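Coordinate-derived values only; no laboratory data. Here the structure is a predicted model, which is why all the values come from computation and not from measurement. Cβ placement follows ideal geometry from the backbone for every residue including glycine, while neighbour counts extend to all protein chains displayed.
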């Protein structure tokens, strides 16, 4: 029977739009392979969150090698919804222009002063019996944020004045002109906003999304934490975000133990503020601008909460590159060469002979790699689990086969990236293409001296040699000179 050689038709398509939004509660649960939430501090770093691990393999994908496991998310289920600490202002702006009774857009414009919305109340054209409400963002004494509804001071209040909010979760009577809007109520409002109202809000620049209120907190994969290692006496690196996640779990346990039956309106208000404060510290740690001053508890360094404002990748740079030795790195004095490109680095031949790149033999690169082997630029090759040194055989050379992996010396055009410690700002890490020369220093074009604060008076730099295809692609896309020509 003859095999069907006809081409299989493939449907063509094009990307027309990309949706960017905050993760919803369903999306956070979908990201997690294990549908069981993290409930105890001991589960942080569990095998189902992926590699690296001290022992064993990933329980989600079964991988036992770090390069074959991309990491897996988990999640923490919150006992009470909270306002997303980074988006309280956006939520207030949206709810200020939506009638909380009929969920239509109020007519009129919200004035802006010095970049902030004026909280002057707008009335709804369709709900004449409802006075003009204003929604204010209140910061509590401990630093948490909540939203508060306010009636006009001249409005005569009765026990049923706030009854129009009962359909969103809680009945809270009283004759006060102010009433807290709970996160759970705000979430129900966001879910019930009709599509027509959402389109009108989008025309004004507001995107109504349920991610403004959090019911689940994502737990990052193990590969996104800074590895903890010691010098035998003290811990040299410690990821403080783990301790803040433990604090969140402890706060959740306290809330659960303090309950006796279903929580009422006042309990929800207190619990959401307390929980929001703990989660805000964690979120600000992982996403803001300064490097972490960690190990505070271990070395008795006192700090205030603002010291937790960090950008954690800086600590990763110090831990994984600057304070950790690697067989695929080198250090050299930096000098200038105005006759090379700004994206080129001159590497001494003594270094190029000692550092290797692994490359797998395929049908496409077989001839090129065979030529490298014939020129004596290859040190070893791997066939299956065995590694062989390339020596001159009886026929004078080694013949490569598809599927083997060679360890070759660095040649012109290879990708490396450069850093001048201790700088760890964005532009102090740059990727270059190599050209090998016979001098004894690393050379760059003087036009790119500014990011490295180099003046060629004996400056020393570190050069790193990414080994995997993924690492090389990441270096080119994130660190290459052409990607950094515009200011960040």
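From the gyration tensor of the Cα coordinates in segment 419-484, what semi-axes in whole Å does the equivalent ellipsoid have, largest first, with each one equal to sqrt(5λ)?
One finds semi-axes of 20, 15, 11 Å for segment 419-484.
On each of the three principal axes of the Cα atoms of segment 73-225, give max minus min coordinate, whole Å, ordered largest first.
Projected onto the principal axes, the Cα atoms of segment 73-225 cover 57, 35, 31 Å.
Could I have the simple spin-label model distance between residue 447 and residue 138, label points 7 Å from Cα toward Cβ, reported in nm to one decimal?
5.9
Please give, to one decimal in nm, the separation of the simple spin-label points placed at residue 26 and residue 175, each 7 Å out from Cα toward the Cβ.
So the two model labels end up 4.6 nm from each other.
How much length, in nm to one decimal, is gained on full extension between residue 425 and residue 87, taken as 0.36 nm per residue of separation minus their Cα-Cα distance?
Extra length from residue 425 to residue 87 when fully extended: 119.0 nm.
Which of rounded, prolate, oblate describes segment 328-484, given a ≥ b ≥ c as roots of the alpha-carbon gyration tensor eigenvalues and a/c under 1.5 marking rounded, otherwise prolate only if a/b is larger than b/c? Before the final figure, lay out the partial values.
Details: a/c = 2.54, a/b = 1.96, b/c = 1.29.
Here segment 328-484 falls in the prolate category.
Got a sec? How would 479, 328 order by Cβ neighbour count within 10 Å, fewest to most?
Ascending number of Cβ neighbours within 10 Å: 328, 479.
Please work out the Cα center distance from segment 407-423 to segment 37-52, rounded to the nearest Å.
The distance from the Cα centre of segment 407-423 to that of segment 37-52 comes to 35 Å.
Taking neighbour Cβ counts within 10 Å as the exposure measure, how do 379, 78 sort from fewest upward?
In order of increasing Cβ crowding within 10 Å: 379, 78.
If you count, for each residue, the other Cβ atoms within 10 Å and average over each peptide, how do 55-65, 349-359 line up from highest to lowest?
For the peptides 55-65, 349-359, the packing ranking is 349-359, 55-65.
Using 0.36 nm per residue of separation minus the Cα-Cα distance, give me the extension gain between residue 440 and residue 103 in nm, one decimal.
Gain on stretching residue 440 to residue 103: 114.1 nm.
Rank the residues 129, 459, 414 as a footprinting-exposure proxy: fewest other Cβ atoms within 10 Å of their Cβ go first. Before the final figure, lay out the partial values.
Values: 129 7, 459 16, 414 21.
Listing 129, 459, 414 from fewest to most nearby Cβ atoms yields 129, 459, 414.
What percent does the relative contact order of segment 328-484 come to when contacts are Cα pairs within less than 8 Å and at least six residues apart?
39
Which distance in nm do the two modelled labels at residue 375 and residue 196 give, with both placed 7 Å along the Cα-to-Cβ direction?
7.2
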